[in-house]
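Structure first, commentary second.
The values are calculated or read from the model by the stated rules, or taken from the named source; none is laboratory data. Please read these numbers as outputs of a predicted model, since none were measured by experiment. Here the Cβ positions follow ideal geometry from the backbone for every residue, glycine too, while neighbour counts run over all protein chains shown.
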Amino acid sequence: MSATIVSLPDQSTARIPKMNYLSKENGLLSWLLTGDHKRIAILYLISLSFFFFIGGALAGLIRLELLTPQADLMATDTYNKVFTMHGVIMIFFFLVPSVPATLGNFLIPMMIGAKDLALPKINLLSWYLYVAGGLLAIYTMAAGGVDTGWTFTTPLSTHYVNTNVLTTGLAAFIAGFSSIFTGLNFIVTIHKMRAPGMTWFRLPLFVWAHYAASILMVLATPVVAIAIVLIALERTIGIGVFDPTKGGDPLLFQHLFWFYSHPAVYIMILPGMGVISEVISTFSRKRVFGYTAVAFSSVAIAVFGFFVWAHHMFIMGISNYAVLVFSLLTMLVAVPSAIKIFNWTFTLYKGSITFETPMLYTFGFMGLFTIGGLTGVFLGTSGTDIHLTETYFIVAHFHFVMVGGMLMAFLAGIHFWWPKMTGRMYPEKISQLAAVVTFIGFNFTFFPQFILGTLGMPRRYASYPPEFQILNVFSTAGATILGVGYLLPVLYLVWSLKYGAVAGNNPWQATGLEWQTQSPPLTENFTSTPIMDHEAYDYEWLERQKEKEVASV
Amino acid sequence: MSESTAIAHGAAEAAHQEHPAYLRHHFENVEQQADATNFAMWIFLLTEIMFFGGLFTAYLIYRNWYYPAFVSASHQLDVRWGTLNTLVLIFSSFTMAMGVWCAETRRRKGLVLCLGLTFVLGLAFLGIKTIEYGEKIEKNHVPGFHYSLNSFLDPEHDAAAKQYGDKPLPLDMARHTEVYFSLYFAMTGMHALHMIIGIGILGYMMFRAWGGAYTSGHVTFVENFGLYWHFVDIIWIYLFALLYLISRHP
């Protein structure tokens, strides 16, 4: 029997089902020893939010320091530590696991009609590794921090600083394994656990995006792991792989590091793009325009992403021919990214668009990611890069893509699937307000930084020439607004756990398999194995299902 | 009433017979479970290739840059120990493969014996590696710890260098032998770490195998560990070729 039954959500009679994955077992141990992908996703969501707010507080300190041209709030070396820890925590403990470990963990098995990820114990292990790495990072902060920048640049990290490089490196190393296990689990699950009828080209684009990101996690992360190991050996016993006095080459570290850390930005953004595909299709009531192109563009981003790493090194003395080649390859990444943006825009065309909160965040994503992506083309061009790199232009570009893009997508996804995860709706009006506040605050914070960068303000300094102050004041003021924008969802989402309206199975009338089961779902996700008998985003199929349902009622 | 419960009970039992106890609840059947876990292991080995790949890349780059230093430094390794260790590992791969076969054909004692042999051979490999590391420490060839250039500046008074008729290296090039030994220790050290982890898991498996855990049809764990062990073996064969054998023509 097919379990793909669409039930009309009748808000007045909908009840939270007595049996669901949250109510099945109680007590702390039932959470800490769980194998259920949905519970692990919730564990991740809680711990991720915790690290996000630590990283956010550090960002707040950075912006406060930059309010005035002098280094007056903190000493300059403290400032170095603050921006380093902000980077380390935000990248390794928030951005990399953000969407995959929470939404991906929760949704991939449901979207493909499976009961769980293929390796539930490995999934739980990845959460424990994440927490262990995170605690080590916090210990590092308490023990005096680290000031190499999140890039661990040699020989600074191996010879010239006596801060906690080792523990930070170990924290990143452990978190890396957590991410490898998540990616590995996704790949195996998507290959081997799909329900009958769920062919590759019926998969939701969210799953495609996660598949592409998983390839990057699995293939790129071990390279940064070995780079960190070599740094640790160099600091402790003094081997000479990166040490120029012994004949080693610090540039080799840059190659190994960016071989991971460039694909890492695609690990961060691809799952977010998956969220956008789902949200845009649902709230335009249309199939995603050019499904196949969007699916393959994810894979193309993953593949191209492996061959562009040296664009981080244009001013580091790599050969001019390498600059030429990597500059060209970098431009190529713009193509699949643009395919996505254009196809989402075409999806909107003649759709029945509604403006629920996830959709507002999605619009934010499309605008900000486009700006972030296009400024990436400036930076991929070696001529402009030589002027703009190491200025605030880089900071603005990166934050447009990661905060404007990824974080918007994360919040879009959290709001979109909140009813599925908790069984309750978030309050619509205040969350729309939060989305708008975030967008305004974001632009106030980071747009001035583009101007600062072109004017030549360098990054990573606690003080700056007084003529830059007005733009920095704008930026700090914007960060305050942005902070409110991020605090609001925490408050009302927690509130909604108890007081939110009951959501019902499918509040958005969406087509994905995850919506065709109760909210919150059963531990086994479906009462019987679903059979996929329609294409992804097939709203006509949904209409037919509804007619059938009404007729039978 | 009691009849219907009896029937239900019987049906449950029949269902239980169809699904062996080791079938995890989220898989449809045993084939899917074995298929998925094997696939996962292969992907894990892929990450391991990338992990060692960073080291191999570094080795290839520096060997091209500092060719004379790498040749002279390679002559300092004792190829006899290396060969012996290669034989030990290849033999341990054989015993491991036999172990997988024993598990598949449900020979409990054979499995324990094979795992035990693999365990001992693994330890033997580490023992020989320790002797080799000891030699390096004696000759001050450990980078970072009073690294000595004598073998390369004055090869006439160094038995290993003399054997291959090494010419004295200029000081600048001789200093780059430290990069060779950095990579030597990093690569063999990472390999030894994998061996130690493998030996730990072997001990655990022997304990479980004695209780008959892998000889009741559920061989995935032994099979996947076998893949891991062969992988570590293959890494060593590359290390042996690149570190010991590559510059052996006199």
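Laid out as a table, the results:
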item: Complete set of residues in segment A:236-250 that are at the interface with another protein chain (Cβ under 10 Å from one of its Cβ atoms) and assigned to a helix (DSSP H, G or I); result: A:THR236, A:THR245, A:LYS246
item: Scope segment B:195-212; condition in contact (Cβ under 8 Å) with a residue 24 or more places away in the chain and either more than 12 Å from the chain's Cα centre (by Cα) or under 18 Å from B:GLU223 (Cβ atoms) (or both); matching residues; result: B:GLY198, B:ILE201, B:LEU202, B:GLY203, B:MET205, B:MET206, B:ALA209, B:TRP210, B:GLY212
item: Which listed residue is in contact with a helix residue (DSSP H, G or I) (Cβ under 8 Å, 6 or more places away or on another chain), surrounded by fewer than 18 Cβ atoms within 10 Å (Cβ to Cβ), aromatic (Phe, Trp, Tyr) and under 26 Å from A:GLY290 (Cβ atoms), from A:PHE365, A:PHE410, A:PHE342, A:PHE355; result: A:PHE355
item: Checking A:ARG287 against (1) closer than 19 Å to B:VAL179 by Cβ; (2) among the basic types (Lys, Arg); (3) more than 11 Å from chain B (Cβ to nearest Cβ), the condition it does not meet; result: (1)
item: Segment A:493-503, residues that are surrounded by fewer than 18 Cβ atoms within 10 Å (Cβ to Cβ) and part of a helix (DSSP H, G or I); result: A:VAL494, A:TRP495, A:LEU497, A:LYS498, A:TYR499
item: Residue identified as of a type outside the set (Phe, Trp, Tyr), under 19 Å from the mean Cα position of the chain (by Cα) and part of a helix (DSSP H, G or I) among A:GLY169, A:GLY104; result: A:GLY104
item: Contacts under 7 angstrom Cβ, first residue in segment A:24-41 being under 19 Å from A:ALA118 (Cβ atoms), partner in a loop (DSSP other than H, G, I, E, B) and among the polar types (S, T, N, Q), 6 or more apart; result: A:ASP36/A:THR523; A:ILE40/A:THR34
item: Top-ranked residue in segment B:1-56 [being over 22 Å from B:GLY212 (Cα atoms) and of a type in the set (Phe, Trp, Tyr); ranked as modelled with the lowest pLDDT]; result: B:PHE27
item: Unmet requirement for A:VAL223, which otherwise passes all of (1) under 30 Å from B:TYR147 (Cα atoms); (2) out of contact with any Leu (no Cβ under 7 Å at 6 or more places or on another chain); result: (2)
item: Test: residue in segment A:178-186 that is in contact (Cβ under 8 Å) with a residue 40 or more places away in the chain, more than 14 Å from chain B (Cβ to nearest Cβ) and not small (Gly, Ala, Ser); result: no
item: Count of residues meeting criterion [in contact (Cβ under 8 Å) with a residue 40 or more places away in the chain and part of a helix (DSSP H, G or I)] in segment A:299-325; result: 10
item: Residue within segment A:202-219 that is facing another protein chain (nearest Cβ under 8 Å), assigned to a helix (DSSP H, G or I) and either surrounded by fewer than 23 Cβ atoms within 10 Å (Cβ to Cβ) or not aromatic (Phe, Trp, Tyr) (or both) present; result: yes
item: One residue from A:LEU135, A:LEU119, A:LEU64, A:LEU124 being under 28 Å from A:ILE414 (Cα atoms), more than 14 Å from every other protein chain (Cβ to nearest Cβ) and of a type in the set (A, V, I, L, M, F, W, C); result: A:LEU135
item: Flag for A:GLU234 being of a type in the set (D, E, K, R) and under 24 Å from the mean Cα position of the chain (by Cα); result: no
item: Whichever residue in segment A:263-310 is under 21 Å from A:TRP200 (Cβ atoms) and among the aromatic types (Phe, Trp, Tyr) and, among such residues, is surrounded by the most Cβ atoms within 10 Å (Cβ to Cβ); result: A:TYR266
item: Hits in segment B:24-42 - residues which are of a type in the set (A, V, I, L, M, F, W, C), facing chain A (nearest Cβ under 9 Å) and surrounded by fewer than 20 Cβ atoms within 10 Å (Cβ to Cβ); result: B:PHE39
item: Some residue of segment A:158-176 being in contact (Cβ under 8 Å) with a residue 24 or more places away in the chain, of a type outside the set (Gly, Ala, Ser) and closer than 30 Å to A:TRP417 by Cβ; result: yes
item: Lone unmet requirement of (1) more than 14 Å from chain B (Cβ to nearest Cβ); (2) surrounded by fewer than 19 Cβ atoms within 10 Å (Cβ to Cβ) for A:PRO100; result: (2)
item: Some residue of segment A:277-294 being at pLDDT 95 or above and under 18 Å from B:LEU46 (Cβ atoms); result: no
item: Test: B:GLY110 is buried (at least 17 other Cβ atoms within 10 Å of the Cβ), away from chain A (no Cβ under 14 Å) and free of Cβ contacts under 8 Å to residues at least 24 places away in the same chain; result: yes
item: Test: residue in segment B:66-82 that is of a type outside the set (S, T, N, Q), within 14 Å of another protein chain (Cβ to nearest Cβ) and either surrounded by fewer than 15 Cβ atoms within 10 Å (Cβ to Cβ) or outside any helix (DSSP H, G or I) (or both); result: yes
item: Inter-residue pairs, beta-carbon under 6 Å, first farther than 15 Å from A:VAL437 by Cα and in segment A:356-379, second among the polar types (S, T, N, Q) and surrounded by 20 or more Cβ atoms within 10 Å (Cβ to Cβ), 6+ apart; result: A:GLY373/A:SER337
item: Wholly enclosed helices (runs of 4 or more DSSP H) of segment A:352-469 bearing at least 1 residues under 21 Å from the mean Cα position of the chain (by Cα); result: A:357-380, A:392-399, A:408-422, A:428-455
item: Matching residues in segment B:43-62 - criterion: being over 17 Å from the mean Cα position of the chain (by Cα), touching a residue at least 60 places away in the same chain (Cβ under 8 Å) and more than 8 Å from chain A (Cβ to nearest Cβ); result: B:TYR59
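Table: residues versus (1) among the small types (Gly, Ala, Ser); (2) in contact (Cβ under 8 Å) with a residue 60 or more places away in the chain; (3) under 26 Å from A:LEU360 (Cβ atoms).
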position	(1), (2), (3)
A:PRO244	no, yes, no
A:PHE259	no, no, no
A:ALA264	yes, yes, no
A:GLY274	yes, yes, yes
A:LYS286	no, yes, yes
A:SER297	yes, no, yes
